[in-house]
Amino acid sequence: MIEREIIATAERHLSRRCKHMKSLIRTHGPSTLGARRRDPFHVLTSSIIGQQLSSKAADTIQARVHALVGAKARLTPAQLLSVTPEQLRSCGLSNAKAKWLRAASEKVLTGELDFKQLARADDATALKTLDDLPGVGLWTAQMFMIFALDRLDIFSMGDVGLRNGVNRLFNQGARLDEPATLEIVQRWAPYRSLASWYLWRVTDSDLNAWT
């Protein structure tokens, strides 16, 4: 969890550095990023399920997987390993995602993936550890860093919603190239995760997974 005082400090910083962030903070109010503790395995599996899908499609498949394994609030490694890849695919998952979910489950149960150790690692080490997991690319690793590890200074250049948000605020919706985007995003450091939260409010009004 992130302390409310830290969020307030971050919002003051963003407001001073960027008039667009100042406006978003006024419109949407205090960020709820890090307001509650999230189960790291659930965040990881949800991110894998949601890769390259709209929020609505990801939520639908997530609900089917929960129903299949009998999960309530969160998924567990044992639950995902209790069903076959074929059963997971019947929920709408690709063959690859079904394999990745099971691989992540096995690594957690064997201790190869230790979330407590990951939480103690610096950003670069944690990002590499996650990126090396089967099916966990850079975007998934970055979402995990923000929502499971409560890291404050992560911005995913591969997130379409974030890039669209920057385009909308700074270039009337026209696509900005990577160097121009990075120059804008840099002004939000060291609170780029908070800036991302506000950008998602702009570009994805149906977003409910990351609140």
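We did not get these values from a lab; they are worked out from the coordinates using the rules stated. Source: prediction; values computed, not measured. Note that each Cβ is placed from the backbone with ideal geometry, even for glycine, and that neighbours are counted across all protein chains shown.
Worth pointing out:
- Burial order of peptide ranges 181-191, 143-153 (average beta-carbon count within 10 Å, highest first): 143-153, 181-191
- In a fully extended conformation the segment linking ARG37 and THR60 would gain 6.0 nm over its present Cα-Cα distance, using 0.36 nm per residue.
- Taking the C-alpha atoms only, the angle from helix 19-28 to the longest principal axis of the chain is near 60 degrees.
- Under a model in which nothing but the beta-carbon of Lys, Arg (+1) and Asp, Glu (-1) is charged, the stretch 40-147 shows a dipole of about 360 debye around its Cα centre.
- Contact order, relative form, for the chain: 25 percent (alpha carbon pairs under 8 Å, 6 or more residues apart, mean separation divided by residue count).
- Nearest 10 degrees, 0 to 90: helix 192-203 Cα axis against the chain principal axis: 90
- Dipole-positive endmost among ALA126, VAL69, PHE41 within the stretch 40-147 (Cβ charges, Cα centre): VAL69
- Three-way shape call for the stretch 1-51 based on the alpha-carbon gyration tensor, with the a/c threshold at 1.5: prolate
- Secondary-structure-derived ellipticity at 222 nm for the chain, considering helices only, amounts to -19000 deg cm²/dmol, per-run term -39500 (n - 2.57) for DSSP H runs with n ≥ 4.
- The calculated pair-distance distribution of the stretch 40-147 uses every alpha carbon pair, bins of 10 angstrom beginning at 0, and gives 15, 51, 29, 4 percent.
- Applying the Kirkwood pairwise sum to the alpha-carbon positions of the stretch 101-211 produces a hydrodynamic radius of 15.1 angstrom.
- Cα pair distances in the chain, grouped into 5 Å bins until the bin that holds the longest one, percent each: 1, 7, 15, 19, 18, 16, 11, 7, 4, 1, 0
- Degrees separating the helix 55-69 axis from the principal Cα axis of the chain, which is the longest one: 30
- Highest mean first, the peptides 42-50, 21-29 sorted by other C-beta atoms within 10 Å per residue fall in the order 42-50, 21-29.
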